[in-house]
Amino acid sequence: MFTRRMQLKPFVWACWGLLLLAARPTSAQAPAPAAGGPVRPAAEPGPLDGFWKGPLKVPGGSLEVIFRFLKLTSGDYFGTLDVPLQKVSHLEVQVTQRNDTVQLYAPAAGSRFVGVLAAGGQQLVGTWQQPGYKVAMALAHSAVPVAAAASTRLTPPYREENVTFGGGAASARLAGTFTVPAGPGPFPAVVLVSDAGVQDRNGAVDGYAPLGQLADYLTRRGIAVLRFDDRGIGQGGAPGPEPTAAELVSDAQAGLSFLRNRPEADSARLGLIGHGEGGNVALLAAAQPLPPAFVVALAAAGLPGRELVLQQQSTTLRQLGTDNAQVAAIAKRQQAVFDIIGRTPDNALARVMVTNLLRQSNSPTDAATAQRRAAEMTTPRYRYFLEFDPAANLKFVACPVLLLNGTADGFVSADANLAALEKGLKANKGVTVKKLPGVNHLFQPEPGQWPVVAGQPKATFSPLAEETIRAWITERGPAKK
């Protein structure tokens, strides 16, 4: 299964094929050019330069894949792959061109596309192949990403303020945008907490900005919103080791502290809205002193990390028609990787053992790729993720909680994860659980419901989700006198 942040968002590294991959690459993991210095484009762009987009058909639907190519001074191409709906970002792609035939290979996933240039060089028509799966696919060329197109932003009917906050003993110094509805206030107010990965305050993914869209919707309807750049991006400070969910709790708490000191915010109606891992961060914050007045968790995980990865793998393999025996064998190999990591605290030794196991798998993996993946899976963050049980501390959450997930979420399945969270919150009488039909992990509705902008469908935050969140927060009522 694919997964992406804007550099990857919910994160799980399944290791046995691209449709099972949920690695969370960061900018530091972007493929390096050949030895000799930084990536430099050629003086004249090659015929493949730009973006190539197309649907990859999978059982039950399709996933948009986006290849990006840049010709280097050496004459070779620098290539990456994104799959926005599954949060794959900047996955390394090896590019080979012979006349009109182009071969694209993603070594980290053992997946390959071979196509022929058509329509005057504006299409690549060919076949996608990975272990156990082969399907026709066509890609269309775009010189620049849609997100790069110029756009005009109208002045919104509310106040916007760029702010900084945090910076105490437990929290980094953070920067964000505080939007306040028109009128005297005070208003109910929320802090938006992003999904896994390093994201800007809008949660931008290839022109789709879920946190920015949600903030705009809520602020126009009477709810003040604080959204902020994650550590290591935008104005969030210098990049560093990616923090765990537990370490990010201090950032959510710093946001709440900021709101408590703003006269526009009703101090009795301050909440956290978290997406994906951000939902788990919000719930962790609600189990500690000075909790929020309410929490909205959007596609938060309910299963422990190990179980989440294995469930994602099994679900995807069965959708592809893999027989039960092979599904079980792949799960066994994945579990063996987790066992090595869990019982080997020495990172150097764990990396060697994981590398060897990855190279022995059915999907051929070269030494460099196996070593890189082994290093990713032995970071403090990933070790924490594997052992993290999202339901463990939910008994301490006393504030009202809204749990939302979409039935089309291929990353955090609605049924299993909502059930686990609801069970953990069983002592809390203020829990509301809803499944939204056709909504995916990025909280987009079905593509048929997207608005058409400049003749093209434009990804949007689910209107049903937006209104569900607004109505539930409004129902919390004004502060009691």
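The values are calculated or read from the model by the stated rules, or taken from the named source; none is laboratory data. The structure displayed is predicted, hence computed values, not measured ones. Reconstructed Cβ throughout: ideal geometry from the backbone, glycine too, with neighbour counts over all protein chains shown. Just so you know, the surface numbers come from the protein's heavy atoms only, side chains and all, with ligands and any DNA or RNA stripped out. Shrake-Rupley method; radii C 1.70, N 1.55, O 1.52, S 1.80 Å.
May I ask you to give the solvent-accessible area per residue for the range 50-142, in square angstrom, as obtained with a 1.4 angstrom probe?
42
How many percent of the accessible area of the range 50-142 is carbon or sulfur, using a 1.4 Å probe?
Carbon-and-sulfur percentage of accessible area, whole number: 49.
So how strong a dipole does the range 50-142 carry about its Cα centre when Lys and Arg Cβ are +1 and Asp and Glu Cβ are -1, to the nearest 20 debye?
120
Could you compute how much accessible surface E422 exposes when probed at 1.4 Å, giving the result in Å² to the nearest 10?
My reading of the accessible area for E422 is about 90 Å².
Quick one: accessible area per residue over the range 250-357, 1.4 Å probe, rounded to a whole number of Å²?
Spelled out: the 1.4 Å probe surface of the range 250-357, per residue, equals 37 Å².
Counting Lys +1, Arg +1, Asp -1, Glu -1, what net charge surrounds P181 among other residues with beta carbon under 9 Å of its beta carbon?
+2
What accessible area, in Å² to the nearest ten, does a 1.4 Å probe give for K426?
The accessible area comes out at roughly 150 Å².
State the percentage of accessible surface on the range 317-466 attributable to carbon and sulfur atoms; use a 1.4 Å probe and exclude ligands, DNA and RNA.
56
Cα to Cα, under 16 Å, and not fewer than 8 places away if on the same chain: which aspartates and glutamates meet these conditions relative to K435?
D409, D415, E422, E446, E466, E467
If you put +1 on each Lys and Arg Cβ and -1 on each Asp and Glu Cβ, how big is the dipole of the range 160-283 around its Cα centre, in Debye rounded to 20?
My answer is approximately 400 debye.
What FRET efficiency would be calculated for the residue pair T407, L349, taking the C-beta separation as r and a Förster radius of 60 Å, to the nearest 0.05?
Taking R0 as 60 Å, the efficiency between T407 and L349 is 0.90.
Tell me, what is the Rg over Rh of the range 192-271, with Rh the Kirkwood radius over Cα pairs?
With Rh from the inverse mean 1/r over Cα pairs, Rg/Rh is 0.98.
Starting from the Cα gyration tensor of the range 421-481, take the square roots of the eigenvalues, sort them a ≥ b ≥ c, and report rounded, prolate or oblate (rounded when a/c is under 1.5, otherwise prolate if a/b is larger than b/c, else oblate).
oblate
Contact order normalised by length for the range 50-142, with contacts defined as Cα pairs under 8 Å and 6 or more residues apart; what percent is it?
22
Find out how many positive minus negative residues lie around W128, taking Lys and Arg as positive, Asp and Glu as negative, among other residues whose Cβ is under 14 Å from that of W128.
So the surrounding residues net to +3.
Quick one: net charge of P447's neighbours, Cβ under 11 Å, K/R +1, D/E -1?
-1
Give the cross-link partners of K332 among the aspartates and glutamates, using a straight C-alpha distance below 15 Å as the criterion and excluding same-chain residues fewer than 8 apart.
Candidates past the 8-residue exclusion: E307, D323.
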